[in-house]
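All remarks here apply to the structure that follows.
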Amino acid sequence: MTEKDLIKRLLKEADLYRTQGLLSDSRSKYVQILSVIGKSETLANHKQLIAGVKSKIRAVDKSLNELRDTPEKPELSEDLQDLIKKLFTFAQTKEAAAIEGAVALAKFGQYDQALKEFHKLLEKGVLPVVTAKNMIKCYAALKTPDAAVAQFAKWRSRDFFSTEDLKYIRTFLKTSLEKEGFKAEIPEIEVKPSLPSKAKKKKEEVFLEISAVTIHLQGGPQAGQTMDFDVHFQSANTVTVLIPAVQKSLADSLAPGTRLDDIQCYSPITVFRSTGTVSGTAMIKQGPRRGDYTLDITIDAD
């Protein structure tokens, strides 16, 4: 790979990380580009390229400083929290509706309150694996890996999840924390000896988990481009991705009702193409992602 090809690849990665809001990762890539340029005999004096990369680093630093200066999120009143849950609850079953209400709080940056709701749901046995995964997402968003591991340890010590469920949740926890840049010691799962058979619990309904999507844009200011997004939350076949505040024009162009005819979906077990519809957009007004936008995409089931 030539130096120019390496720089092009690093630029693409840095810009992608920045678009997805992974600012620290983005900055590291830009710094790596400057290092490559500095060691190059042919590019070391390329002032325009160096100035362009430094300009990107300053822009990322500005965004990072704004995030650091974001004040503590104000607590929403119970009435407003209940209103959010009601407005964003469209599920057909009571269990799924309860999950969606808690997810709605998390989407608006109310992670602590969302965790309280998820705790209640878990104690009631409502979709335990789905609920546990959403709790892990909240801990990751709050950047509290120790709390996430401690919570997992409690689940591990209780006769609540099956061994297979715990293995799955542990893998999800490990991946979620690593994605946020955390390395933590997570307790291993001990295989429990077989016990006399008990009445089987009702099997939890599962759905295909989508971890990321790639969208080919057909309209708006970035028509013709392909955008990659990590899935922030998921409820059945509706996924929520985040659009950084600097991409406001993109968020504006993806109004509810917009058809997306080319979506590539990534899951732990498969990659597939589908179509879908933008089912909602909103600006986040609370928490560390304040100013960014949520984009809900309902994936066509057929």
- Task: Select from the stretch 209-258 the residues that are under 17 Å from ASP15 (Cα atoms) and assigned to a helix (DSSP H, G or I) and list them in ascending order.
- Result: ALA245, VAL246, GLN247, LYS248, SER249, LEU250
- How many of the residues making up the stretch 130-148 are part of a helix (DSSP H, G or I) and either open to solvent by less than 20 Å² (accessible area, probe 1.4 Å) or of a type outside the set (A, V, I, L, M) (or both)? 13
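Filter the stretch 155-193 down to residues that are among the basic types (Lys, Arg) and over 24 Å from the mean Cα position of the chain (by Cα) and give me whichever is surrounded by the fewest Cβ atoms within 10 Å (Cβ to Cβ). Steps first, answer last, please.
Applying the first criterion (among the basic types (Lys, Arg)) to the stretch 155-193 yields 156, 158, 167, 170, 174, 179, 183, 192.
Within this subset, residues satisfying the condition of being over 24 Å from the mean Cα position of the chain (by Cα) are 156, 158, 192.
Details: ARG156: 18, ARG158: 8, LYS192: 10.
Applying the filter and picking the extreme gives ARG158.
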- Query: Looking at the stretch 2-14, is at least one residue modelled with pLDDT under 85, under 28 Å from GLY291 (Cα atoms) and either loosely packed, with under 13 Cβ neighbours inside 10 Å or among the β-branched types (Val, Ile, Thr) (or both)?
  - Reply: yes
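Quick one: in the stretch 265-274, of everything that is open to solvent by 40 Å² or more (accessible area, probe 1.4 Å) and touching a strand residue (DSSP E or B) at 6+ places or on another chain (Cβ under 6 Å), which residue is modelled with the lowest pLDDT? So that I can check it myself, show each step before the final result.
Initially, the stretch 265-274 is screened for residues open to solvent by 40 Å² or more (accessible area, probe 1.4 Å), giving 266, 268-273.
Filter again for touching a strand residue (DSSP E or B) at 6+ places or on another chain (Cβ under 6 Å), leaving 266, 272-273.
Values: TYR266: 81, PHE272: 76, ARG273: 81.
Taking the candidates together, the pick is PHE272.
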- Residue count, the stretch 42-55, condition within 13 Å of LYS4 (Cβ to Cβ) and either part of a loop (DSSP other than H, G, I, E, B) or of a type in the set (Asp, Glu) (or both), comes to 3
- Message: Considering only residues that are assigned to a helix (DSSP H, G or I), open to solvent by 60 Å² or more (accessible area, probe 1.4 Å) and modelled with pLDDT under 80, which ones fall in the stretch 56-71?
- Response: ASN65, GLU66, LEU67, ARG68
- Candidates LEU105, LEU115, filtered to the one that is within 26 Å of ILE243 (Cα to Cα) and either under 15 Å from the mean Cα position of the chain (by Cα) or outside any helix (DSSP H, G or I) (or both): LEU105
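Any idea how many residues of the stretch 279-302 are within 17 Å of VAL231 (Cβ to Cβ), assigned to a loop (DSSP other than H, G, I, E, B) and open to solvent by 60 Å² or more (accessible area, probe 1.4 Å)?
1
The values are calculated or read from the model by the stated rules, or taken from the named source; none is laboratory data. This structure is a prediction, so every number in the text was calculated from the model and none was measured. Cβ atoms come from the backbone with ideal geometry, glycine included; neighbour counts cover every protein chain shown. The accessibility values were calculated without ligands, DNA or RNA, using every heavy atom of the protein model including side chains. Shrake-Rupley method; radii C 1.70, N 1.55, O 1.52, S 1.80 Å.
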